[in-house]
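Notes follow the structure.
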Amino acid sequence: MANILTYLDYNATAPLREEARAAAVSALGITGNPSSVHRFGRAARRLVEYAREQVAGLVGAVPSQVVFTSGGTEANNLALRGSDRRAILVSAVEHDSVLQEAPEAIRIPVDSEGIVDPGVLDSLLGETKTPALVSVMLANNETGVIQPVEEICRIAHHHGALFHCDAVQGAGKLAIDFAGLGADMMTLSAHKIGGLKGAGALIVADPIDLAALNVGGGQERGRRGGTENVAGIAGFGAAAQAAGRLDEIERIAGHCERLEREALARIPSARIFGAGAPRLANTVNIGIPGRSAETQIMSLDLTGIAVSAGAACSSGKVAPSHVLRAMGVGEDWAACAIRVSLGRETSNADIARFLDAWAALASPRMSAA
Ligand code: PLP
């Protein structure tokens, strides 16, 4: 059994940052409820408000626009269900927390690289009779493909629609300017940037009416009732501050370029999905013909290498990816695609180990098996 481990599944969750651990551990020592007016409560409140500033800083928002939630899933649910817009348009490649929240939503198609065509959105909105909400992610969790969100936001507003952007995968990998973008709502998740699992935020522009999903208590200015997860939020703040420096991205991009180059050199029949689109510097979605994703993941796991097939955040299931299908990728290829996602602790040795183990999966010996 391998005793060297290589973690290449950062888009599922990133290792906890030391800054986040320290902030969360220190918060665990605070007894007060942030809503209590006495000194214990005020101490907890200070931590929450400091984290609110840090999270706002990550995306160029103001602290009062940050609504803390239990994560990206709840923030997406809140954006879509809490808004008063009944016509909802979502891209076909959104995360399930968007797609399942709005099963009746109009699906905006993507091209073969996974990019929403702004012209199609324009026509769809032109045909929509009621005030609408458009939800398009900043970057895709499976392919890393980055959407033209500035243009999408402009078109949405031109039609009087609200624009919500799921920035869970873009945060900490791209510079984000909520105010400059002009989005109405934006989703973030702590554990994707080195914070704790179970914390996230919906950033809400000031004029937006939003009904709470969790009621009672009036926390988060009435937008999310329930006593705050103080330790999770403190960790989120610290992670946001560290991730916002983007100081690891160039090195990660170098590893990713090497991985793609050498993977294709070793297995020329392999295919990288979304290769022609602007993509996150850390994500490679790659398929080997005739090797199921499940087999690849299990074989790699036996050698101590962790990757995933498409969206791993559901339940460990390996099902054909709706993202690749929306890009027009055939079922045979979609069943053979794995997602390799790198991060700040990824080393050259990790890339070399992955390449050796992965290329062996397509060797003639394996093919004959
Ligand atoms: N949105 C995207 C794009 C994601 O990748 C994920 C998780 O993988 C989520 C939302 C859900 O975030 P959370 O795990 O915090 O609920």
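Data overview
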| read-out | value |
| --- | --- |
| Residue check, Asn285 touching a Gly at 6+ places or on another chain (Cβ under 8 Å), in contact (Cβ under 8 Å) with a residue 24 or more places away in the chain and not assigned by TED's automatic domain parsing to the domain that holds Ala23 | yes |
| Boolean, Ala79 is away from the ligand (no atom under 15 Å from the Cβ) and small (Gly, Ala, Ser) | no |
| Test: residue in the range 195-211 that is farther than 20 Å from Ser341 by Cβ, touching a His at 6+ places or on another chain (Cβ under 6 Å) and in the same structural domain as Leu162 (by TED's automatic domain parsing) | no |
| Candidates Ile146, Ile176 - the one that is in contact with a helix residue (DSSP H, G or I) (Cβ under 8 Å, 6 or more places away or on another chain) and surrounded by 16 or more Cβ atoms within 10 Å (Cβ to Cβ) | Ile176 |
| Output for the range 177-200, where each listed residue is outside any loop (DSSP other than H, G, I, E, B) and more than 10 Å from the ligand (Cβ to nearest atom) | Phe178, Ala179, Gly180, Leu181, Met185, Met186 |
| Residues located in the range 3-41, provided they are surrounded by fewer than 13 Cβ atoms within 10 Å (Cβ to Cβ) and either of a type in the set (A, V, I, L, M) or over 21 Å from Leu188 (Cβ atoms) (or both) | Asn3, Ile4, Leu5, Val25, Leu28, Gly29, Thr31, Val37, His38, Arg39 |
| Residue count, the range 148-176 (criterion: away from the ligand (no atom under 11 Å from the Cβ), under 22 Å from Gly71 (Cβ atoms) and either among the β-branched types (Val, Ile, Thr) or within 13 Å of the chain's Cα centre (by Cα) (or both)) | 5 |
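The values are calculated or read from the model by the stated rules, or taken from the named source; none is laboratory data. Please read all numbers here as calculations on a predicted model, not as lab measurements. Cβ sites come from the backbone with ideal geometry, for glycine too, and all protein chains shown count toward neighbours.
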